[in-house]
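Heads up, the thing below is written out as structure tokens.
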Amino acid sequence: DAQWPGVPSAVFEAFAEQLDRDPESCLQRFQALQVKGDGDATKELKRLRRHCAEPAGGIDHATLAATLAWLRDWDMRAALANLTSPVLSLLGDGDALVPSVLAERFGANVHVERIAGMGHYPGCHAAPRIAALIGDWWQA
């Protein structure tokens, strides 16, 4: 879909190809994409990499390849538009993987909060705001 503001499937194809050639670089590139758009991306990338339990060489290649295929192929637009249960969706306004503009396509039962200065990976700086949003939504 040329109108889709999310990550094009070709990006996940490129990740899969890179995974076969150089798993460590693939993981580092994916981590960088997760913090892209964060107000403190450099610090959050360092934190994310520190918290990864194993280097890419220790990650099960088949599982990572299957996950990339899932991200490439699984289209959840219809499911999101037709949700019947209440859902809280927290989106970083700088998220490169799930742009906050996608919220316009979510169903009526999805309550969306955009978090300023956050990318896809919720950095430490966003934790108090995220906790407050979840608490407020749960109490409502």
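The values are calculated or read from the model by the stated rules, or taken from the named source; none is laboratory data. None of the values given here were measured: they were computed from a predicted structure. Cβ placement follows ideal geometry from the backbone for every residue including glycine, while neighbour counts extend to all protein chains displayed. With ligands, DNA and RNA removed, areas are computed over all heavy atoms of the protein, side chains included. Shrake-Rupley method; radii C 1.70, N 1.55, O 1.52, S 1.80 Å.
General remarks:
- Solvent-accessible area per residue, Å², over the range 36-140 with all protein chains present [probe radius 1.4 Å]: 62 Å²
- Fully extended contour minus Cα-Cα distance, from GLN18 to ALA131, at 0.36 nm per residue: 37.1 nm
- Look at the alpha carbon pairs under 8 Å that are at least 6 residues apart: their mean separation over the length of the range 1-95 gives a relative contact order of 41 percent.
- For the chain, the longest principal axis of the alpha carbon atoms and the long axis of helix 61-73 meet at an angle near 50°.
- GluC sites (Glu not before Pro) within the range 25-118: DSSP coil, no more than 13 neighbouring Cβ in 10 Å: none
- Degrees separating the helix 127-139 axis from the principal Cα axis of the chain, which is the longest one: 40 degrees
- Ranking VAL35, VAL11 from most to least accessible surface, computed with a 1.4 Å probe over the protein chains only, gives VAL11, VAL35.
- Compared with the dominant principal axis of the Cα atoms in the chain, helix 9-21 is inclined by about 30°.
- Net lengthening on full extension, VAL101/CYS124 (0.36 nm per residue, minus Cα-Cα): 6.0 nm
- Scanning residues 5 or more positions from LEU83 or on other chains, those with amide H under 5 Å from its amide H are GLY107, with H placed 1.01 Å from N in the peptide plane.
- With R₀ set to 22 Å, the beta-carbon distance separating ALA116 from ALA10 gives a calculated FRET efficiency near 0.15.
- The chain, accessible surface, carbon-and-sulfur percent (1.4 angstrom probe): 56 percent
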